[in-house]
Amino acid sequence: MSETLQTILQRRSIRSYKQEQIRDSELQAIIEAGRFAPSARNQQSWHFTVVQNQALLSRINKILQVVFLHSGDPLLEERAKAENFSPFYHAPTLIIVSADEKAIAPQADASLALGNLLLAAHALGVGSCWIHSLRFLFSTEEGRALNKELGIPAGYTIVGSGAFGYHAGEAQAAAPRREGTVTIIK
């Protein structure tokens, strides 16, 4: 089996990270993989915002905790009450992927780019996890004020983000794949 297929089949979402920061060379390789994702009409409509500043990560965490507590979603509210709350699992690096709202397919473009980031990280021995909840950050005035500080261009929307760092535990086995998800017509 090719290394590429092994990477795809072996990658898992990591939710326990060492506080050691990933190396700059690994970060650059991960970002480069995202930049080479396919995109509609090759518009490359994505923007990557890398946050490694612990004070800023803490501020994002606090804003999201308030959002979760007032979400009306019992699961999110319960999660926000956890003593060690962190929607990005205390990973030392958070990469936010936003996309130009005027592009042909911004959601697809950014999602493919984020997928490449996650696969590249695994290939380099860096753990990662897709973090969708960061989109909630901009449902508050305080969260929207962070757009400029985070360098998210005007007219761009957050599609998703990823937590990145070195895994602090053992990798979980893959969950069983659902049946009935493939139709082949010849």
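The values are calculated or read from the model by the stated rules, or taken from the named source; none is laboratory data. These numbers come from a predicted model, not from an experiment. Quick reminder, even Gly has a Cβ in these numbers, built from the backbone with ideal geometry, and neighbours come from all protein chains shown. Areas reflect the complete protein model, heavy atoms only, side chains present, ligands, DNA and RNA absent. Shrake-Rupley method; radii C 1.70, N 1.55, O 1.52, S 1.80 Å.
Just checking, how many residues over the range 72-106 are under 19 Å from residue 136 (Cα atoms) and surrounded by 15 or more Cβ atoms within 10 Å (Cβ to Cβ)?
Summing the residues that are under 19 Å from residue 136 (Cα atoms) and surrounded by 15 or more Cβ atoms within 10 Å (Cβ to Cβ) in the range 72-106 gives 19.
Which count do you get for residues in the range 1-43 that are among the polar types (S, T, N, Q) and in a loop (DSSP other than H, G, I, E, B)?
Of the residues in the range 1-43, 6 are among the polar types (S, T, N, Q) and in a loop (DSSP other than H, G, I, E, B).
Testing residue 50 on (1) of a type in the set (A, V, I, L, M, F, W, C); (2) assigned to a helix (DSSP H, G or I); (3) within 15 Å of residue 164 (Cα to Cα), one condition comes back false. Which one is that?
(2)
Take residue 59 and tell me if it is basic (Lys, Arg), open to solvent by 60 Å² or more (accessible area, probe 1.4 Å) and touching a Leu at 6+ places or on another chain (Cβ under 9 Å).
Criteria met by residue 59.
For the range 146-166, check the following and say yes or no: at least one residue is farther than 25 Å from residue 45 by Cβ, among the hydroxyl-bearing types (Ser, Thr, Tyr) and in contact with a helix residue (DSSP H, G or I) (Cβ under 9 Å, 6 or more places away or on another chain).
No, every residue in the range 146-166 fails to be farther than 25 Å from residue 45 by Cβ, among the hydroxyl-bearing types (Ser, Thr, Tyr) and in contact with a helix residue (DSSP H, G or I) (Cβ under 9 Å, 6 or more places away or on another chain).
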